[in-house]
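Peer 1: To start, I am sharing the structure in question, which I have written as structure tokens.
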Amino acid sequence: MGTWDLGPFENDTAADFAGALDGTAPDERESLVRTTLGRAVRARGYLDGSEGEKAVAAAALVAAQCPGGEPVSEYYGPKEALPAFSGDLRPLAVEALDRVVAEESELAELWAETNSGPQWREGIGRLRAVLAPESGPREEAPHGA
């Protein structure tokens, strides 16, 4: 896992995703975010770690535009302006985050093997709470329980 910290863009895959967004035509950036989230939601079986990392990054971009959302890393996140995203991306982002922390997720497994796993899950929970404030953070069983 080419990860250097807990943030959504603090890994190689998410930084590459940010670069791909910057290289995408402005009117196609929302579509790339939507496709990335949808890919994680529709994944059957085991969710690949890189797909999970991109989904978390895409969800963080959506959350950044919500009330209470935190801006993404200016250093590793997209440099180019993003459009105001459609409101229907919020529930899709929530579904993607739920899939990333689910049992059949490589990213969840990798984080569970580290001392920082609980803090990573808390960060995912904070993103989810911003995206779906009415439902609050989703309670997850500890990995392996």
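Peer 1: So which residues in the stretch 22-73 are under 11 Å from L127 (Cα atoms) and of a type in the set (D, E, K, R), if there are any at all?
Peer 2: Matches in the stretch 22-73: E70 only.
Peer 1: Still on this structure: If you check every pair at least six apart or on different chains, which have Cβ atoms under 9 Å apart with a residue in the stretch 88-108 that is closer than 16 Å to P133 by Cβ first and a residue that is of a type in the set (S, T, N, Q) and modelled with pLDDT under 95 second?
Peer 2: V94/S135
Peer 1: So is D5 farther than 24 Å from A132 by Cβ, surrounded by 14 or more Cβ atoms within 10 Å (Cβ to Cβ) and not small (G, A, S) or not?
Peer 2: Numbers: farther than 24 Å from A132 by Cβ: yes; surrounded by 14 or more Cβ atoms within 10 Å (Cβ to Cβ): no; not small (G, A, S): yes.
No.
The values are calculated or read from the model by the stated rules, or taken from the named source; none is laboratory data. Quick caveat: nothing in here was measured; it's all calculated off a predicted structure. Positions of Cβ are backbone-derived with ideal geometry, glycine not excepted, and every protein chain shown enters the neighbour counts.
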